[in-house]
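A.B. asks: Take a look at this one; I'll ask things after.
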Amino acid sequence: MKNQNKVIEYNLEASVFNWEIAPGKTIEAWGFNNQIPGPVLKAKVGDTMIVRVTNNLHESTMVHWHGSRIPSGMDGTEIVQKAIEPGETFEYRFVVPDAGTFWYHSHHNETVQMERGMYGAMIIEDDSDPITDGDRIFMIDDMKLDADHHFTKPSWYIPRIKERHDGRQGNTLLINGKEDAVINMNAGQMERWRFINSSSARYFMLYMEGREFKIVGTDGGLLEKPRTVTEVLITPGERMDIIAGPFREGESFAIESLPYNRVTFLKAKRETFARVQIGEFKSSRAFIPEQLRTIEPLAPQDAPVSRTIKLSVGPSLKNGMDFLVNNDVHVNDQPVAIGELQIWEINNASLMDHPFHLHGFFFQVIEENGKAPSHLALKDTYNITPRTKVKIAWMPDNRPGMWMYHCHIIEHHAAGMMANFEVIDPNKPEKQTTVSNSVHCHA
C-alpha cells in the first residue's frame, strides 16, 4: 500500500558568514543556513513542501524553485512575489508533482547573491526510481576571487563589458562548495550522481578520463532509456543524472570539464573539479532497467509554430551591449491559454550560446535546425548554439499567473535577455494575477 502524502517542513535562513572552500582559504559567503550549498531539501512525489525563508542579509531577496511545476505565486520572482526584506520571513508552500533533481536559488540581485553562494539542491523521490548503491549530489559552481579571497568587481569599462558579454566565469572551481574535493566510492558499486550546474555562466562538459557512464535523467526527471556516453554538456541551470560505476578497486580519476567554445573572450580549457578514489570492493544491489519510463510526445516535428522568439545582442550607449528578446530588453510577452499546446520557435540570432530557461513548465525539443532530436526528454533549460533555431512544445496546465523565460547566463538575464508572460484561463476574463504576500511577515 502506498504511503500517504506528507507535509515536509524546512526553515532556511539567508545570511552572511565565513565559508572555508579549501584548507586555509576562507571567503565571506552569502547563503542558506551557514553553508554552501544550502541544505538539501527532500520530499516524495505528492508531498506538500513548506519552506520558511528568513532574510538576515542586509538587502532584500527571494527564492526561485528551479524546475518545479508549482503555482505561479510560489515561483519566487518579482512579478509574483514581494521581495523578502531584511528581518522578514516568507513561507513558500507547494505540492511537488514530479520526481527528479531540482534546485533552489536567489532570484533577486542574482549576479551578486548567486555568485556568493545562495543556492541548494531539492531532490524529489518516487517509488519508480532506479535502485542504486548510493545517491550523491554534485553542485557545480565557480567563484571569481582575488589573491586575498575576496570577490572581484570589475571597475573599468572594458572589464565590465567583458563580464557582461561572457557572464561571470570564475577562477575558483567548486563542487558542493569545496575546491579540490575527493570523492570516495567502493569498487563494484553503481551510484546515481546528480549534477546541478549552479554557476553564473560556466559551461561544464562532464568527463571522467574516458570512463563511460549512463545518463538516466535530466531536468524533468528520468529519460525513457539510459544513454551510455563518455562526456556530456551541462549548461547553467541544467541538471544531469548519471549512473557512475562500477569501477575497479584502486582506481583514481578526475571529474573534469573539457573545453567548450561558447564564444567568449575567455579561452576554453580543460579543468579539474574533483578526484574520485575507488576503495575496497562491495557487492552491488543496483538495478537499472533498460526502460526507465515512457514520455509521450507532445507534437510532431512539423507542428505549426505558435510563437517566435529571437535572442540577440545589440549595442548600447550606456552598457556597451544589451541582450535582447525580440529586439528589446526585459520584455512583456503575449499571454498563453490553459490547455492550448504551445509550439515555440526560439531563434538564437547571436554569435554566442544561450541556455534558454522556462519557468514552471517542462518542454520537449521537437526540432533543432530542421532535425528531430535523438531522444525525448522533459526539459526546462536547453542550450541554443549560435545561429540556431529550436522548436519546443509545451502545454500550459491549470496554473494561471505570471511566468518567465530567460537566458540562464545570469549576467545575460540581468542585461535584458528575459521576458514575462501570463498563463490565463480563457473562461475567466478578469485579471488573474496577484502578488503573493499573504504569508509574508516580520520575524
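A short reminder: the numbers here are calculations on the coordinates, not readings from a lab. Bear in mind the structure is a predicted one, so any value in this text is a computation, not a measurement. Ideal geometry is used to build each Cβ from the backbone, glycine not excepted, and the neighbour counts take in all protein chains shown.
A.B. asks: Packing-wise, with mean Cβ within 10 Å as the measure, how do 245-252, 404-411 rank, highest first?
C.D. replies: 404-411, 245-252
A.B. asks: Rounded to the nearest 500 deg cm²/dmol, what is the calculated helix-only ellipticity per residue at 222 nm for the chain, with -39500 (n - 2.57) per DSSP H run of length n ≥ 4?
C.D. replies: Mean residue ellipticity, 222 nm, calculated: -1000 deg cm²/dmol.
A.B. asks: A further question on this structure: Decide, for the chain, between rounded, prolate and oblate: order the square roots of the alpha carbon gyration tensor eigenvalues as a ≥ b ≥ c, take rounded if a/c falls under 1.5, and otherwise choose prolate if a/b is larger than b/c, else oblate.
C.D. replies: Rounded, because the longest to shortest axis ratio a/c is under 1.5.
A.B. asks: With a cut-off of at most 13 other beta carbons within 10 Å, and DSSP calling the residue loop, which trypsin sites (Lys or Arg not before Pro) in segment 269-378 qualify? Please list them.
C.D. replies: Answer by residue number: Lys269, Arg270, Arg285, Lys318.
A.B. asks: Taking Cα pairs under 8 Å and at least six residues apart, what relative contact order does the chain come out at, in percent?
C.D. replies: RCO, the chain: 16 percent.
A.B. asks: Only sites in a loop by DSSP and with at most 10 other Cβ atoms within 10 Å count here; which chymotrypsin sites (Phe, Trp or Tyr not before Pro) in segment 76-176 make the cut?
C.D. replies: Trp156
A.B. asks: Hey, another quick one. Beyond 22 Å, how much of the Cα-Cα pair distribution for segment 129-288 remains, as a whole percent?
C.D. replies: Within segment 129-288, distances greater than 22 Å cover 45 percent of Cα pairs.
A.B. asks: For the pairs Lys82/Lys379; Lys214/Lys269; Lys267/Lys379; Lys318/Lys389; Lys214/Lys379; Lys162/Lys391, note any where the Cα-Cα span goes beyond 21 Å.
C.D. replies: Lys82/Lys379; Lys214/Lys269; Lys267/Lys379; Lys318/Lys389; Lys162/Lys391
A.B. asks: Can you list the trypsin sites (Lys or Arg not before Pro) in segment 10-84 that are in a DSSP coil and have 15 or fewer other beta carbons within 10 angstrom?
C.D. replies: Lys82
A.B. asks: So which aspartates and glutamates pass the test for Lys371, namely a Cα distance under 15 Å, with those fewer than 8 places away in the same chain ruled out?
C.D. replies: Cross-link targets: Asp302, Glu345.
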